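The values are calculated or read from the model by the stated rules, or taken from the named source; none is laboratory data. This structure is a prediction, so every number in the text was calculated from the model and none was measured. Quick reminder, even Gly has a Cβ in these numbers, built from the backbone with ideal geometry, and neighbours come from all protein chains shown. Side chains included, ligands, DNA and RNA excluded: accessible areas come from the protein's heavy atoms. Shrake-Rupley method; radii C 1.70, N 1.55, O 1.52, S 1.80 Å.
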Amino acid sequence: MNLRHRITRIALIAALVLPAVPVAAESVLLTLTGAVTDGRVELTRADFEAMDWHEFATSTSVTDNRPEFRGVLMRDILTRAGAEGSHVRATALNDYVIDIPVADFHRFDVLAALYMDGVPLSPRDKGPVWIVYPRDDHGILADIRYDMRWVWQLVALHVQ
Amino acid sequence: MTGPREWIRYLGLGGLVLICLGLSGLAAWQLVQLERQMRIDATENMIWVFGQTQIEALNLALALSDEAAPQQVQTRFDVLLSRLTLLEGGPQRRFLEDAGISETLAGWRSGLLALDPAQGADPVALRAYVTALVAALRGKASLVMSHEWQIQAARLDRLGHLHRLALASILGAAVAGMGLATILIDRERRLMKGRLDRLRAEKLAGDLERERETSENHRRFADLIAHQLRTPLAVIDSAMHRLTRRGTDPVPPELISEKAAVSREAVARLVKLTDTALMMSRLERDAVLPHLSAHDLRDLVTSVIDDLVVTAQDRDPSRIRQQAQAAPMVALCDPALTGEILSNLLCNALLYSPPDSRVDVGVSQTRTHIVCRVKDRGRGMSPEEIARAFDRFRRGSGHETLPGSGLGLTLARHLARMQGGEVSLTPRAGGGLTAALYLPREASA
């Protein structure tokens, strides 16, 4: 597949997908439950916008090159939700479930990415939220045990 | 030392060291490679990825046939779309290309997008499309599985190959190391053998030298003894001759007793000579061991003088003056050996001094030793003579005709040293010689 073909394709997909994703400020992107403030915290896109944003480029195990990711830090989300626990059980739109130690978020700058290469992540790709580890900054992260924690289509975190 | 053989050995040694290090380095490099290839990549999880795509296609088909809520259909649609998007990502796409199934899966994603329910697409057409997709995926699942295991098996083959290479390198290094160790041990053994040979040769040379010296001493000793034997034997012979002279008158009793006395003295000298010779011989064999105990040296001196009065009458032992000394002078010594030394020093003093001169004997003490000094009024000795006085068979200059073995001082010093003491000679103030015997004090022993 040559480059030109790919670009045409991406443009086509973008034209089809983007109108289908309502960028509604009040729609809930991420729901936190368990050991958080009042047992349930819902974060809307507006909540995300109000937080500190970070970005970095990293290689991933499912893409070529090093995409640029933009979003908020996982530890900031947990702080904001008043989370108190050692693990979070992350659940994705596609029913993928995995436990992640909270220590990861303090040891590494783990991102809850909303943008890849400047394009908003959509549920039709890996959105709305993709947990991204700074894989290239720490050799230890280039490992299947960490790759499993890169949850895409993240919709819920249960803190325990 | 560095002949061609030696060079060849050095080259062999260097070669073995290089082989050993090289193979070790190779093994280390192979192990590092092995460690790197043992990582598992998420990309190698295509069975799961493909399976999930199938499940999502089935989920959407189910939602459509159940006529579920539009929101739910939309979610399943989005998720299936995301799965197909994932299959088009770089690593996944390459895997499917390698497995030869990318062609059959191409175009499904754009076809699905064209039937987006959010765009009001026909649900019936969508259902037919999804059903076809499920069938297409099902047909390829086993290919994905077999390709993935092919990859894994090939990777294990590579790991096994690396592992065997590393093992072979380590074994090679071990063999080279053993060769090295063998050469080094052999070299060490040769060195040790050379060192032993040299020591043995040195010992042999020493033994030979000592043997030569002993033999020379024996020759001189034999000469001396023969010479010393002549005089008393001649005295005895002359006495016998006089007594048995034929003719004239019967031999008067006075003459008999006079000649008997002369003969007995000659015999006593012979006995003394043989005693000294025996003692030297025993000393040479290290057969004399001192039995050390505490003795007052004044008493030993007194008893030696008493003996001399009997045995050395011809030299007039009454010339000896023993200085009075009130305090006890206790030395740690062997009384028999010490008596021998004192007797020798006193005899020398009597022998080498004029017949009418006095010989003084005094016992005193230093911090560590008891000292007995024998002072004569003879002609004394020069420093050079003193330096040689303790050599074997050395006779006082100008006294070669006096009786004596020439062993006396050698013997005296040897016996003194055996007891931790010493014998020394110094010129006496006012002429003559002072001979001193040092023996350890009892307390300092």
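A few remarks follow.
- Selected from B:Val330, B:Val175, B:Val73 as most flexible by GNM, with chain B as the system and alpha-carbon contacts under 10 Å: B:Val73
- For the stretch B:265-275, the Karplus equation 6.51 cos²θ - 1.76 cosθ + 1.60, evaluated at θ = phi - 60°, returns couplings of 5, 4, 5, 4, 5, 4, 4, 4, 4, 5, 4 Hz by residue, with Gly and Pro reported as x.
- Other-chain or far-sequence residues with amide H under 5 Å of B:Ile320's (modelled H): B:Val359
- At least 40 Å² accessible surface lost relative to isolated chain, residues of the stretch B:103-142 (1.4 Å probe): B:Arg109, B:Leu113
- Expressed as a whole percent, the accessible surface of the stretch B:239-324 that belongs to carbon and sulfur atoms is 56, based on a 1.4 Å probe.
- Accessible surface, per residue, of chain B when the full set of protein chains is kept, probe 1.4 Å, Å²: 58
- Bridgeable aspartates and glutamates around B:Lys193 (alpha carbons under 16 Å apart, same-chain partners fewer than 8 residues away excluded): B:Glu202.
- Farthest toward positive dipole pole in chain B [+1 Lys/Arg, -1 Asp/Glu at C-beta], among B:Val32, B:Gly362, B:Leu115: B:Gly362
- Whichever lysines have a C-alpha closer than 25 Å to that of B:Lys272, once near sequence neighbours (fewer than 8 apart) are set aside: B:Lys259, B:Lys375
- Under the criterion of Cα pairs below 8 Å and six or more residues apart, the relative contact order for the stretch B:200-290 equals 29 percent.
- B/A buried area, accessible surface, summed, 1.4 Å probe, Å²: 2200
- For the stretch A:24-159, the carbon plus sulfur part of the accessible surface works out to 49%, probe radius 1.4 Å.
- Residues whose amide H falls under 5 Å from that of B:His369, counting only those 5 or more places apart or on a different chain, are B:Arg441, with hydrogens built in the peptide plane.
- For chain B, the relative contact order is 12 percent, taking Cα pairs closer than 8 Å that sit 6 or more residues apart in sequence and dividing their mean separation by the residue count.
- Karplus-based coupling profile of the stretch B:108-118, in residue order and whole Hz: 4, 5, 5, x, 5, 4, 5, 10, 4, x, 5, with θ = phi - 60° in 6.51 cos²θ - 1.76 cosθ + 1.60 and x standing for Gly or Pro.
- Rounded to the nearest angstrom and listed largest first, the equivalent-ellipsoid semi-axes of the protein assembly as shown from its Cα gyration tensor are 129, 31, 17.
- Relative contact order of the stretch B:290-440, pairs being alpha-carbon contacts under 8 Å that are 6 or more residues apart, as %: 26
- For the options B:Met46, B:Met329, B:Met280, a Gaussian network treatment of chain B with springs between C-alpha atoms closer than 10 Å singles out B:Met46 as fluctuating the most.
- Local net charge near B:Ala268, Cβ-Cβ under 13 Å (Lys/Arg +1, Asp/Glu -1): 0
- Rounded to the nearest 10 degrees, the inclination of helix B:4-37 to the longest alpha-carbon principal axis of chain B is 30 degrees.
- Amide H within-cut-off set for A:His87, under 5 Å, with H built and near neighbours excluded: A:Val102, A:Gln160
- Of the chymotrypsin sites (Phe, Trp or Tyr not before Pro) found in the stretch A:42-132, those that fall in a DSSP loop while having at most 16 other beta-carbon atoms within 10 Å are A:Trp53, A:Tyr96.
- Karplus-derived HN-Hα couplings along the stretch B:318-327 (A = 6.51, B = -1.76, C = 1.60, θ = phi - 60°), whole Hz, x at Gly and Pro: 5, 6, 6, 10, 8, 6, 5, 9, 6, 6
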